[in-house]
Amino acid sequence: MLPGVIGLVQATETVKLLLGIGEPLIGRLLTYDAFGMRFREVKLRRDPNCPLCGQAPSITDLSIHMDGSAAACEITPNGGRAREGALA
């Protein structure tokens with residue numbers, strides 16, 4: 001049941017965006033409590049210091065993710081990134 005509910009919400013959001021109708025969840029996070037059958041909406045603000053979408057983004061190329069491997073996000077035993085500097 002859970003995948004059906006979440007899938008329906010995702011499909012509805014897609015239709016709203018493609019057709020330019022309704023009020024899409026831009027700037028809002030919708031959470032779903034399956035046990036309590038409750039939805040909750042949280043408003044989000046854009047972080048001006050975000051490295052991806054902020055005022056001065058440092059992440060400008062996501063091509064390291066093109067092969068679909070998780071290697072781009074690996075953490076080394078010393079806590080650093082396995083591909084240090086790959087996104088800068």
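Read-outs: derived from the displayed coordinates by stated rules, not from any lab. Owing to the predicted nature of the structure, the values given are computational and were not obtained by experimental measurement. Reconstructed Cβ throughout: ideal geometry from the backbone, glycine too, with neighbour counts over all protein chains shown.
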Would you list the P(r) distribution for segment 1-45, with all Cα-Cα distances sorted into 5 Å bins from 0 and each bin expressed as a whole %?
5, 20, 26, 26, 17, 6, 1
Under a Cβ-Cβ cut-off of 15 Å, what is the net charge of the residues other than VAL42 that fall near it, where Lys and Arg count +1 and Asp and Glu count -1?
+3
Positive-end residue of ALA34, LEU18, LEU44, charge dipole of segment 1-45 with Cβ unit charges
LEU44
